Amino acid sequence: MVALRNELIENKLTKRFYLWTSITPLIISLILILIIFFLFRYLPSRLPLFYSFPWGESQLASHYQFYIVPVSILVITFINSVISAQLHSSQLFFKKGLLLSSLVITTILTITIIKIVFVFV
């Protein structure tokens, strides 16, 4: 009886973990979309986004290209969630790893957008 109760509690916590690690990147992505949309008028027409390109004009992106970041978060989260759902229930480590990688990528991209926007606002 105690083992069954512990298993139910663990199963409930695992489902809650999956829910929050799937929903959080989506919410943050939508917030980033709104931030970019509402800050259009305060930002210059071209912003640095492509830092891997040589210095100069090739690093600059338009406002509409800035939507690449939130859409990337959505796509990565969707792909990781689908792959995680397809894994067998005994592969909890890989399921959690995929979902946590979505959170890490979301955090890195969010910090990047915020730093670029606050340079110009």
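Assuming R0 = 35 Å, what is the FRET efficiency of N11 and E57, from their Cβ-Cβ distance, to the nearest 0.05? Working shown, then result.
On the way: r = 54 Å, r/R0 = 1.55.
Between N11 and E57 the formula returns 0.05.
So, by mean Cβ neighbours within 10 angstrom, what's the order for 72-78, 109-115 with the highest one leading? Before the final figure, lay out the partial values.
Details: 72-78: 17.6, 109-115: 14.6.
Final packing ranking: 72-78, 109-115.
Please give the helix 68-86 orientation as an angle from the longest Cα principal axis of the chain, in degrees from 0 to 90, rounded to the nearest 10.
For 68-86 against the chain, the angle is about 20 degrees.
Give me the number: length gained by fully extending L39 to Y18, i.e. 0.36 nm times residue separation minus the C-alpha to C-alpha distance, one decimal in nm.
Values: separation 21, 0.36 × 21 = 7.56 nm, distance 3.24 nm.
Length gained between L39 and Y18: 4.3 nm.
Which three extents, in whole angstrom, do the alpha-carbon atoms of the chain cover along their principal axes, largest first?
65, 27, 18
The numbers here are math on the coordinates, done by the rules we state, and not lab data. Just so we're clear, the structure is a prediction, and the values are computed from it rather than from any experiment. Glycine gets a Cβ as well: all are built from the backbone with ideal geometry, and neighbour counts include every protein chain shown.
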